[in-house]
Amino acid sequence: CVMSVETEYTFTLPGAYYAEKIMSEDYVARYIKDDYKINTARSVYYDTEDWSLNAHDYTLRVRESGGSSVVALKHGRIDTVNRPGFFRSEQFLCSFNNAETVVDDLLDKGAPRELADIVGGRPLSPCFTFNFTRRSAVLYLPDMLRAELCFESGILDTGNKAEPLEEMTVELLFGDEDGFVAYCKRFLNEMDLSPVLLTRQQYALRLLRSR
């Protein structure tokens with residue numbers, strides 16, 4: 001299990017076509033040195049029946065890709081006021097065995113002990129899935145700043161409702177956070193993109209509750 005801090009901005013795209021437009025922009029293209037990596041995956045999100053993890057700002061996701069399943073436990077909240085779309089989370093990663101043991105597996109590897117209290121021994125079950133294609137490349141920005149630019153195009157499915165999602169994420173890999181924030185704000189100001197203000201879990205719950 002690996003604990004890391006994830007720092008990123010996420011934006012909503014008007015459609016899948018918009019990714020090509022962004023990739024061709026000078027202040028993106030000039031910082032890309034490598035080909036974009038493309039892969040397809042399926043993410044299954046787990047919670048208790050009453051969505052207790054979500055209520056405590058936790059997300060438990062199992063990503064299935066290339067024959068392996070990896071669980072990611074994230075704890076954090078999207079900034080909706082000072083830096084809309086900015087998200088910092090603690091993230092715990094480990095291999096996924098099954099839903100019955102996943103909490104114990106995460107705790108054994110150093111996840112916060114409160115996880116056990118929140119779940120309270122209740123079963124975790126899939127609450128929604130996200131099937132998607134991911135395109136990503138590293139941005140080699142000035143002042144030794146490194147970020148990953150990622151486009152995700154897919155379908156979020158709650159079982160009785162499904163909606164397409166087109167999103168772009170810029171994740172800080174290395175360097176100064178202020179410089180990273182300043183770069184990401186260009187997408188808001190120059191590309192007129194909308195920041196994502198809900199976690200995927202919050203979005204799915206709102207979709208479930210909508211008529």
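A few comments on the model shown:
- The residue pairs whose first member lies in the stretch 49-63 and is at pLDDT 95 or above, whose second member is among the aromatic types (F, W, Y) and part of a strand (DSSP E or B), and whose beta carbons are closer than 8 Å, counting only pairs six or more residues apart or on different chains, are L53/Y46; T59/Y45; L60/Y45; L60/Y46; R61/Y45; R61/Y46; V62/Y45; V62/Y46.
- Helices (runs of 4 or more DSSP H) completely within the stretch 109-211 that count 3 or more residues being over 30 Å from N97 (Cβ atoms): 177-189
- Positions within the stretch 2-29 being polar (S, T, N, Q) and either in contact (Cβ under 8 Å) with a residue 24 or more places away in the chain or on the phi > 0 side of the Ramachandran plot (or both), in sequence order: S4, T7, T10, T12
- Matching residues, the stretch 1-44, being open to solvent by 30 Å² or more (accessible area, probe 1.4 Å), of a type in the set (G, A, S) and more than 15 Å from the chain's Cα centre (by Cα): A16, S24, A29
- Taking the listed residues T80, T59, the one that is of a type in the set (V, I, T) and loosely packed, with under 15 Cβ neighbours inside 10 Å is T80, with no other qualifying.
- Hey, G175 without any contact (Cβ under 8 Å) to a residue 40 or more places away in the chain and either among the hydrophobic types (A, V, I, L, M, F, W, C) or out of contact with any Ser or Thr (no Cβ under 9 Å at 6 or more places or on another chain) (or both) or not: yes
- Hits in the stretch 129-156 (condition: open to solvent by 60 Å² or more (accessible area, probe 1.4 Å), within 14 Å of Y45 (Cβ to Cβ) and of a type outside the set (S, T, N, Q)): I155
- Leading residue by the ranking (least open to solvent (accessible area, probe 1.4 Å)) among those in the stretch 87-105 that are free of Cβ contacts under 8 Å to residues at least 12 places away in the same chain and under 22 Å from the mean Cα position of the chain (by Cα): N98
- Filtered by the rule that a residue be free of Cβ contacts under 8 Å to residues at least 40 places away in the same chain and surrounded by 12 or more Cβ atoms within 10 Å (Cβ to Cβ), the stretch 106-120 gives L107, P112, A116.
- Leading residue by the ranking (farthest from M3 (Cα to Cα)) among those in the stretch 66-108 that are of a type in the set (D, E) and part of a strand (DSSP E or B): D79
- Here S125 fits the description: open to solvent by 20 Å² or more (accessible area, probe 1.4 Å) and either acidic (D, E) or under 20 Å from the mean Cα position of the chain (by Cα) (or both).
- Residue list for the stretch 145-160, restricted to those being modelled with pLDDT of 95 or more and more than 12 Å from the chain's Cα centre (by Cα): L145, R146, A147, E148, L149, S153, G154, I155, L156, D157, T158
- Residues (among the charged types (D, E, K, R), surrounded by 13 or more Cβ atoms within 10 Å (Cβ to Cβ) and more than 19 Å from the chain's Cα centre (by Cα)) located in the stretch 165-211: D176, R186
- Any hit, the stretch 18-36, residues being farther than 22 Å from L156 by Cα, modelled with pLDDT of 95 or more, among the aromatic types (F, W, Y) and outside any strand (DSSP E or B): yes
The values are calculated or read from the model by the stated rules, or taken from the named source; none is laboratory data. Every value quoted in this text rests on a predicted model; they were computed, and no experiment measured them. In this analysis, Cβ positions are derived from the backbone assuming ideal geometry, glycine residues included, and neighbour counts consider all displayed protein chains. The accessibility values were calculated without ligands, DNA or RNA, using every heavy atom of the protein model including side chains. Shrake-Rupley method; radii C 1.70, N 1.55, O 1.52, S 1.80 Å.
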